[in-house]
1. Take Ala505 and tell me if it is hydrophobic (A, V, I, L, M, F, W, C), on the phi < 0 side of the Ramachandran plot and without any contact (Cβ under 8 Å) to a residue 12 or more places away in the chain.
2. Can you find a residue that is of a type in the set (Asp, Glu), under 27 Å from the mean Cα position of the chain (by Cα) and modelled with pLDDT of 95 or more anywhere in the range 180-188?
3. So, in the range 189-212, how many residues would count as being closer than 27 Å to Asp79 by Cα and at pLDDT below 95?
4. Look at Ala373 and say whether it is surrounded by fewer than 18 Cβ atoms within 10 Å (Cβ to Cβ), among the aliphatic types (A, V, I, L, M) and under 22 Å from Leu588 (Cα atoms).
5. Take the residues of the range 286-337 that are among the aliphatic types (A, V, I, L, M) and in contact with a Leu (Cβ under 8 Å, 6 or more places away or on another chain): which is nearest to Leu352 (Cα to Cα)?
6. Just to be sure before I move on: is Gly555 in the same structural domain as Leu304 (by TED's automatic domain parsing) and on the phi > 0 side of the Ramachandran plot in the structure I sent?
7. Go through Leu498, Leu458, Leu453 for me and flag whichever is in contact (Cβ under 8 Å) with a residue 12 or more places away in the chain and buried (at least 24 other Cβ atoms within 10 Å of the Cβ).
8. Identify the residue in the range 507-554 that is touching a Ser or Thr at 6+ places or on another chain (Cβ under 6 Å) and polar (S, T, N, Q) and, among all such residues, is surrounded by the most Cβ atoms within 10 Å (Cβ to Cβ).
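The values are calculated or read from the model by the stated rules, or taken from the named source; none is laboratory data. All of these numbers come straight from a predicted model, not from anything done at the bench. Glycine gets a Cβ as well: all are built from the backbone with ideal geometry, and neighbour counts include every protein chain shown.
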Amino acid sequence: MILKLHFPAIVAALVPPLAFVAFACGADAPAPPAPSQRTEASAGVRNLELADLLERQWQWYLEENPLEATFMGNHRFDDRIADKSATHADDVRARGHRFLDESHALRARIGTSLDAGDTLTLDLFIDVLETQVATTDVCRPREWNVSAWDNPVNEWSYLPEDQPATTRDDAKRLLARWRQIPTSIDTDVENLRRGAQAGKFGNATSVKRALEAVDAQLAQSDEQWPLAKPKTDEHPDWTEAERQSFQGDLLATIGPIRAAITRWRDFVASEILPNARPDDRVGLNHIPDGPTCYTALIRTNTSLQPSADELHELGSAEIARINGEMSDLGEKLFGTRNLRNILERLRTDPELYFKTEDEIETKAKATLAAAKAKIPEFFGTLPKADCEVRRVPDYEAEHTYIGYYRAPNPDGSKPGEYFVNTWQPATHPRFEAEVLAHHDGIPGHHVQIGVALELPELPAFRKSLGPTSYIEGWGLYSERLADDMKLYSGDLDRMGMLSFDAWRASRLIVDTGMHAKGWSRERAVAFMLEHTALVENNVRNEVDRYIDDPAQALGYKVGQLNILRLREEARTKLGPRFDVKAFHDTVLGSGVVTMPILEKIVANWVASRR
């Protein structure tokens, strides 16, 4: 359960989005943009100097991240891919520091003259930028991370979905981009080689899973590769010669990509795997500069500065509370309060599991339909974009999440998508289906992301990027909200909700355990099996995710608890004047924000209603 970003998940988490590490001009900066020159980058910003700041950083971001630009509906860079070289990464870090200096200088000079909206924008920009710069200074994931989620197959296979070749010019740009993929993959090898020379290696289990995914792709013919999918698109306005030429040129790009992936595979198998860290040394504390990196990642993902020890203790308290709720409900369902017996029943009763892939998809669709009918009672503002159910693609199903969400295209060309994993249906519990759909679909990620993308007069960075604690905190908050909305079909589905809550609480323990306290992979697996109802294959996938994406999973619980606290404080202060619809609109109405800024937003809303 995750918001699936359009760049590799590990890169998004460990080297945060480059929108916050952007170019800043010096003394020769251009004049502030006139209102007619404004773009989505500075929408709603009144101060011209702040607008100039945001315009420059956003345009630089789009050029540096051309795949993201394509997804956002900006097609100026459809024929390019990002530069992953170490030299360029150094340049990005240097520019990030200059940009942060400029932001601080701007606030010192004009901060007191900004209106409330511009003040919030600048404060958020600086807050997020500070965490991102701190992280990029010490974390170099491209030098060591190899996983089932971070490999050439996963990185590139989604491209055809985001870049359709509708026109002849589209086709030319698509082919130009495809032809650059081999160079990018070779750069991945260079980065891993540099990391190996510095003593940085991935985890052996994760490396093996990545090789399995790559080998499965290499075993397929060129025509079966996802990157070859555009050859089947219909182009009724093209001549037959044009269609055949495009199909031939497209298939011709697959061979060099296959060769590059093969080079990557051979290098990883011969140079990385023999030196990869064993399962008792999976944490960042076993990588040079790892502890410093982990501290920075905690701040980046929570938007706060708790220590690993504090998060570990918070997780222990939450596990004790939630397991108590599970015992109470287990007595009602199964006639026992013994948590071990309850979990055993949930894991082993075949009647509690799906039998076919179609059953999983059908249940997901029915759950979203019920939620769509109910949300107007709890939200004043809803996304116009629809949310559709899709199956996780075969090439990643075995090694990826049980579900995830992909946002709608801002230009309206694609709806929001809730991807549900149907691989091996007998391992997918029925009692988890509803809570999963509520987190990744409605009222979870689709409502939050959909509303943010459609907010008028809001700078682009506040719609699309930000900390895990807000985005995934809202997703986890939505699981409990779904119970308030009476969306769960019965007590068994509520048990799924409690198990998922325990799952996120356990992340605080196992993530900090592995990366700060020296826990082994098996100790983390054993802990989650003891305290959640997740089946073992899901637990192992999840633990590998925390190994490969350090601290990302910490944001869920931190964000959920903060939103719940703010709601209860608002309810207490406002009494009968508290309106849950207005509260939700307030939480979602400013785009993606940090926890400290969300607290200010809610406090201002409460003050206005009092």
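1. Against the criterion (hydrophobic (A, V, I, L, M, F, W, C), on the phi < 0 side of the Ramachandran plot and without any contact (Cβ under 8 Å) to a residue 12 or more places away in the chain), Ala505 does not qualify.
2. yes
3. So the first thing to find is which residues in the range 189-212 are closer than 27 Å to Asp79 by Cα, and the list is 189-192.
Now drop any that are not at pLDDT below 95, which leaves none.
Residues meeting the conditions: 0.
4. In short, yes.
5. Restricting attention to the range 286-337, the residues satisfying the condition of being among the aliphatic types (A, V, I, L, M) are 287, 296-298, 304, 308, 311, 314, 317, 319-320, 322, 326, 329, 333.
Retained after the next criterion (residues that are in contact with a Leu (Cβ under 8 Å, 6 or more places away or on another chain)): 297-298, 311, 314, 322, 326, 329, 333.
Values: Leu297: 38, Ile298: 37, Leu311: 33, Leu314: 31, Ile322: 21, Met326: 17, Leu329: 16, Leu333: 13 Å.
The selected residue is Leu333.
6. no
7. Working: Leu458 fails: buried (at least 24 other Cβ atoms within 10 Å of the Cβ); Leu453 fails: buried (at least 24 other Cβ atoms within 10 Å of the Cβ).
Criteria check complete, one pass: Leu498.
8. Among those residues, the one meeting the criterion is Thr532.
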